[in-house]
Every structure is written in C-alpha cells, then in structure tokens.
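Comments concern the structure below.
The values are calculated or read from the model by the stated rules, or taken from the named source; none is laboratory data. Keep in mind that this is a model prediction, so the values were computed, not measured. Cβ placement follows ideal geometry from the backbone for every residue including glycine, while neighbour counts extend to all protein chains displayed.
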C-alpha cells in the first residue's frame, strides 16, 4: 500500500526510462486503483503490470474485492497470491489461497504464489515442514498442465523487517528443498522449469550474491522497488 497515482506514474516513468537491456522478466505491482493507469503508462515497455491479490469468486456480494475478470479486462494477466502480509494481516488460509489459485488458473492467468515460514518456525527447526505444507495445501492437487502458469516466491517472513538476516546460503538451501519437493510430488522437469523467486529483503547490496545461487531464479522485491535506482540495480544484478 504505497504510492498514490502521481507517485506511481513518476516511479513507472523513471523505471521505464532507466530499464537496461536485459533478459530478466520485470514486473511491477501497484495498488488496485493504479493498475489500469499503469498498464497504459507501460504499454510500450517490457515491464509487465501485475496485481497484488484477487478474490476467488467471479462476482457477487464480496464488497471491496476484485475478481479475475476485472483484472483481465484492464490488461492484467498475472496475480500475486498468498503474500505473507495477506496471510498475516487478513487471515488468508491455505484453503482460501488454494481457491484463489484455482480461480486464477481457470481464467488463464499466471499465478505468483508466495509462501514462507515465520521466525518461530525457523528457530524451532520447523521451517521445512511449514514450507512443504504451504505448497502441498495450495498447489499439489493441480494438474501437471497448470505448472507453466505458476511462479513460486519464497518469503522467509522472519527475515523481513525483523532485524534478522537470511544468508544467501539459507536462501539456496530452501530453494533447493522446494525444487526437490516439487520433483518428488510431480516430476523433475516441472521442478527444474518452475521459477522460484526469493523474497527476503533483497537490496542492491545483496542481490548479486543471492541471485548467483543455482536455485534462486529471481526476486520478489518490497521496499527497494519503491526507489527506481535501487530497483534498477537489482534488475542489473539478475
């Protein structure tokens, strides 16, 4: 929940002007009220505009919510589902997230699915179990054909704004575990080809080392994405 319309336009103009030639796929996710404007602003850019969230219902008595068709109708084809803040602040359970994933896929949208453990899970050594459970409950009853439309984003919640720091080695360890878990549940090809992003306070100063790890395919960027030069530096690092 950052940037009004004026601030969003200014940031997108700066990002678009400074975006280097890159093979990286770059996405931005403004608040709902700025999405349509962002799509128009970036219509000639390689930057894709995506949504932060959506509801699982097609329409109806869900005041304040946004459906897949509403997003598609303004040119949004990818949606973030399961972000740690949606889980923590708005009570989104694995069951709710599974319904959202299915609704997005049923509308031929791409899903960026977020998951990750809290600090107490990491300290108790339960982090692998938590991540495996989140993946299984939301994604593991999907058909094999759905996986090309899935992007995974691992968020170690304990390393976001807590003063704790996740090392690149810890990121790699978890990403390797995620890939192994998917390979065992589906097959090696799906596990190898799915993109797994890291969302644990990526900044210009640590991006290159994190992205150098073999199982880290990119980043889900929070605060650093609000400063054009910082975000561009992270894009260059990938």
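Of all residues in the stretch 41-57, those satisfying the criterion of being surrounded by 13 or more Cβ atoms within 10 Å (Cβ to Cβ) and not in a strand (DSSP E or B) are 41, 42, 45, 47, 50, 52, 53, 54, 55, 56, 57.
With respect to residue 6, determine if the residue is in a helix (DSSP H, G or I), out of contact with any helix residue (DSSP H, G or I) (no Cβ under 7 Å at 6 or more places or on another chain), at pLDDT 95 or above and more than 26 Å from residue 237 (Cβ to Cβ). For residue 6, the condition - in a helix (DSSP H, G or I), out of contact with any helix residue (DSSP H, G or I) (no Cβ under 7 Å at 6 or more places or on another chain), at pLDDT 95 or above and more than 26 Å from residue 237 (Cβ to Cβ) - is met.
Each row is one residue, and each column tells you yes or no for (1) free of Cβ contacts under 8 Å to residues at least 40 places away in the same chain; (2) buried (at least 17 other Cβ atoms within 10 Å of the Cβ); (3) assigned to a helix (DSSP H, G or I).
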residue: 63; (1), (2), (3): yes, no, no
residue: 69; (1), (2), (3): yes, no, yes
residue: 76; (1), (2), (3): no, yes, no
residue: 80; (1), (2), (3): no, yes, no
residue: 92; (1), (2), (3): yes, yes, no
residue: 95; (1), (2), (3): no, no, yes
residue: 112; (1), (2), (3): no, yes, no
residue: 120; (1), (2), (3): yes, no, yes
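Taking the residues in the stretch 221-231 that are touching a helix residue (DSSP H, G or I) at 6+ places or on another chain (Cβ under 9 Å) and within 20 Å of residue 118 (Cα to Cα) as candidates, determine which candidate is surrounded by the fewest Cβ atoms within 10 Å (Cβ to Cβ). Filtering the stretch 221-231 for residues that are touching a helix residue (DSSP H, G or I) at 6+ places or on another chain (Cβ under 9 Å) and within 20 Å of residue 118 (Cα to Cα), the one surrounded by the fewest Cβ atoms within 10 Å (Cβ to Cβ) comes out as 223. Could you please let me know if residue 218 is on the phi > 0 side of the Ramachandran plot, in contact (Cβ under 8 Å) with a residue 24 or more places away in the chain and surrounded by 15 or more Cβ atoms within 10 Å (Cβ to Cβ)? Judged against the criteria, residue 218 is a match.
Of the residues making up the stretch 1-23, those that are within 26 Å of residue 82 (Cβ to Cβ) and crowded, with 17+ Cβ neighbours inside 10 Å are 8, 11, 12, 15.
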